[in-house]
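Have a look at the structure below before the remarks.
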Amino acid sequence: MTTHFDDLETRSADERRAAQETAFLQQVKRAMSAESSCLVADGEVSSLDDITKLPVLRKSQLVAWQKENPPFGGMAISNMAHVFQSPGPIYEPGGISHDWWRMGRFLHACGIGKGDIVQNCFGYHLTPAGMIFESGARAVGAAVLPAGTGQTELQAQAAHDIGITAYAGTPDYLKIILEKADEMGLPLKITRAAVGGGALFPSLRAWYADRGITCRQCYATADLGNIAYESEAEEGMILDEGVIVEIVTPGTGDPVPAGEVGEVVVTTLNPDYPLIRFATGDMSAILPGQSPCGRTNTRIKGWMGRADQTTKIKGMFVRPEQVAALVAKHAEIDRARVVASRDGEMDVMTVRIETAANDATRFETSIVETLKLKGRVELVPPGALPRDGLVIEDVRSYD
């Protein structure tokens, strides 16, 4: 296996900027030429320096556009092969051309390639994560077991029977599969793990390393595909070659000083889906210098929380509007707060409900319906929750 996925990873800063500027200007032209385009610039856009003349696009705006002009809000979509749905709902196109989401670059950095069989435990239902990683596996020549989520006993059996060598999925689910395989007496051959959809805590990475498994993480979204990824250096995340990333003051489009924490705003250079200055809602910061692995693109520190209260739990986003919907379902609920915590290496969601009711089970079905996750339910008396404006609290440590 070659050291790098392609020559783009080691080009000079000047070469990269020149290529990205050309692609960026083409992308702006493509987006503005769409029949129902909502993109309006504050002045002429003639260079990459003019990117701040374009508005930041937030998910709430994308939802509104799509409702007004379904399914994609009048954007300049081309070469579409799939349609996916993410919470919002937001509808995303997907393509089947080579490495459409650019995930191959990350899998290559994980050491995954020809001869590997990847157990892909990202979901294949409605959301694109499963297809994103399958496309990347195809780009590096690996075979795929499209396992999806759940049915852990079957997953462990398949991993043993097929001789799975690599895993793709959320950081903590591999541990569940490995422990189930141990329980069943099934030796596994997994030596590499490509993870995303949640934080990879140092203790969990060390647990995998103790079992001979190299675990690296990427930062990707359903809308944008791969944004950044870890290499063998494991010193921050290297930006993907097909995106332009800005770190801005949350709620604005104003770049923060280099090294400061801010919101990640991404412009994708994928001509099939021209998302420009798309606000991820995630926080990060630029790292100085270059990676020791030889890749020359800018690095970010990785995921550092959310710019709003939206929080990812067990690989799924939980949003303030979902908590509001839960409260609205039951007249006896005064307030509710979702608390994200950890139990060992597993995410835990606790829903604290302020109510005079004393039967927690009456709310369990509504919690699954509105938050899309099962969680612990804790009833507290009226007035017990803090009046600090928080409806989602993340008490997990990311050190």
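The values are calculated or read from the model by the stated rules, or taken from the named source; none is laboratory data. Predicted, not measured: the structure shown is a model, and the values here were computed from it. Note that each Cβ is placed from the backbone with ideal geometry, even for glycine, and that neighbours are counted across all protein chains shown. For the accessible areas, the whole protein counts, side chains as well, though only heavy atoms, and no ligand, DNA or RNA atoms are used. Shrake-Rupley method; radii C 1.70, N 1.55, O 1.52, S 1.80 Å.
Search the stretch 319-346 for residues that are within 15 Å of Q309 (Cβ to Cβ) and pair each with any residue that is small (G, A, S) when their beta-carbon atoms are under 8 Å apart and the residues are at least 6 apart or on different chains. Correct list of pairs: V323/A336; L326/A336; L326/S366; V327/A336; V338/G375. A single entry from F5, F24 fulfils the requirement of being touching a helix residue (DSSP H, G or I) at 6+ places or on another chain (Cβ under 7 Å), open to solvent by 50 Å² or more (accessible area, probe 1.4 Å) and in contact (Cβ under 8 Å) with a residue 12 or more places away in the chain: F5. For the stretch 214-229, the criterion of being in contact (Cβ under 8 Å) with a residue 12 or more places away in the chain, part of a loop (DSSP other than H, G, I, E, B) and under 22 Å from M32 (Cα atoms) is met by at least one residue.
Scanning the stretch 331-359 for residues that are part of a loop (DSSP other than H, G, I, E, B), in contact with a Leu (Cβ under 7 Å, 6 or more places away or on another chain) and open to solvent by 60 Å² or more (accessible area, probe 1.4 Å) returns a single hit, N358. Pairing residues of the stretch 366-388 that are crowded, with 17+ Cβ neighbours inside 10 Å with residues that are of a type in the set (D, E) and part of a strand (DSSP E or B), at Cβ distances under 7 Å and at least 6 apart in sequence or on separate chains, gives L385/E354.
Applying a threshold of 8 Å to beta carbon distances and a minimum spacing of six or more residues, or different chains, the list of pairs starting in the stretch 46-62 at a residue that is assigned to a strand (DSSP E or B) and ending at one that is aliphatic (A, V, I, L, M) and open to solvent by less than 60 Å² (accessible area, probe 1.4 Å) reads L57/L275; L57/I276; L57/A279. Only one of the listed residues (E235, E263) is in contact with a Pro (Cβ under 8 Å, 6 or more places away or on another chain), open to solvent by 60 Å² or more (accessible area, probe 1.4 Å) and in contact (Cβ under 8 Å) with a residue 40 or more places away in the chain. That residue is E235.
Restricting the stretch 284-312 to residues that are open to solvent by less than 30 Å² (accessible area, probe 1.4 Å) and aliphatic (A, V, I, L, M), the residue that is farthest from D394 (Cα to Cα) is I300. Please tell me if L326 is more than 30 Å from T249 (Cβ to Cβ) and either among the hydroxyl-bearing types (S, T, Y) or assigned to a helix (DSSP H, G or I) (or both). So L326 fits the description; yes. Only one of the listed residues (P87, P71) is open to solvent by 20 Å² or more (accessible area, probe 1.4 Å), more than 17 Å from T268 (Cβ to Cβ) and touching a residue at least 24 places away in the same chain (Cβ under 8 Å). That residue is P87. Close contacts from the stretch 149-161, counting a first residue that is buried (at least 16 other Cβ atoms within 10 Å of the Cβ) and a second that is hydroxyl-bearing (S, T, Y), with Cβ to Cβ under 8 Å and a gap of 6+ residues or different chains, come to T149/Y173.
The number of residues in the stretch 125-160 that are more than 19 Å from L224 (Cβ to Cβ) and not in a helix (DSSP H, G or I) comes to 13.
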